[in-house]
1. Would you give the gap between the C-alpha center of segment 1-65 and the C-alpha center of segment 188-208, rounded to a whole Å?
2. For helix 116-129, what angle does its Cα long axis make with the longest principal axis of the chain, in degrees from 0 to 90 and rounded to 10?
3. As a footprinting exposure proxy, order 172, 98 by other Cβ within 10 Å, with the fewest listed first.
4. Can you give me the angle between helix 177-186 and the longest principal axis of the chain, using Cα atoms only, in degrees from 0 to 90, rounded to the nearest 10?
5. Any chance you could give the angle, 0 to 90 degrees and rounded to 10, that helix 94-103 forms with the longest Cα principal axis of the chain?
6. Per DSSP H run of at least 4 residues, take -39500 (n - 2.57); add these up for the chain, divide by its residues and hand me the 222 nm value, nearest 500 deg cm²/dmol.
7. Counting only C-alpha contacts under 8 Å and six or more residues apart, can you give the relative contact order of the chain as a whole percent?
8. Would you mind classifying the chain by shape? Square roots of the alpha carbon gyration tensor eigenvalues, ordered a ≥ b ≥ c; an a/c under 1.5 is rounded, otherwise it is prolate if a/b is larger than b/c and oblate if not.
């Protein structure tokens, strides 16, 4: 897919622009370990409990609500994530694509389900490594400002109203198949899936969509 054929490009953050390795470690390992210690559970039991609780609201805004989970697990999640901020990094090929689209004057919008606290934390961490990172984007939007996750029709309706994009002339790059499904149903024309959101895990192609492993694969010419 040639991104230059569109009027705007929408990019997800976690697992698309940034490596999902941090997120997987945070929820599957660090939170589980802290929960195990607090509740005197085995790590396996704690990990299963954390995953069960998360999956119960998968695809809902609560799944992405940092404050909700801090209260739910009675853990200081902000301190916990601070300890691993060095692992927050761009995926290979991210900056190359952002530079390429910038050179061609392509408007880019970062659209994420990340909670505002996580968004601010990650942008601060990545800006420390790449000071001009946020300059690539004409807008940075979290679904929490709309009260609907990207998996919902309501998000895309409010997103379009706020940004003024033309869905039929816009492309979305995301690692979440359900988000891509919702965007497709709304009318976003260009849909590209990231098949390897976590660099430490093997690729998992999203069926029904054009897949790329690294974003620089979308550079043409």
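Bear in mind these aren't lab numbers, they're just calculated from the coordinates by the rules spelled out. Remember, it's a predicted structure, so these values are computed and weren't measured experimentally. A quick note on method: Cβ atoms are made from the backbone with ideal geometry, for glycine too, and the neighbour counts reach across all protein chains shown.
1. With segment 1-65 and segment 188-208 each reduced to a Cα centre, they are spaced 16 Å.
2. Once rounded, the angle reads 70 degrees.
3. Numbers: 172 29, 98 24.
Final ranking by Cβ density, sparse to dense: 98, 172.
4. Between the helix axis and the principal axis of the chain, the angle is about 40 degrees.
5. Tilt relative to the chain: about 30 degrees.
6. Working: 9 runs with 86 residues, N = 221.
Helix contribution divided over all residues of the chain: -11000 deg cm²/dmol.
7. 29 percent
8. Details: a/c = 1.85, a/b = 1.62, b/c = 1.14.
It is prolate, given that a/c is not under 1.5 and a/b is the larger ratio.
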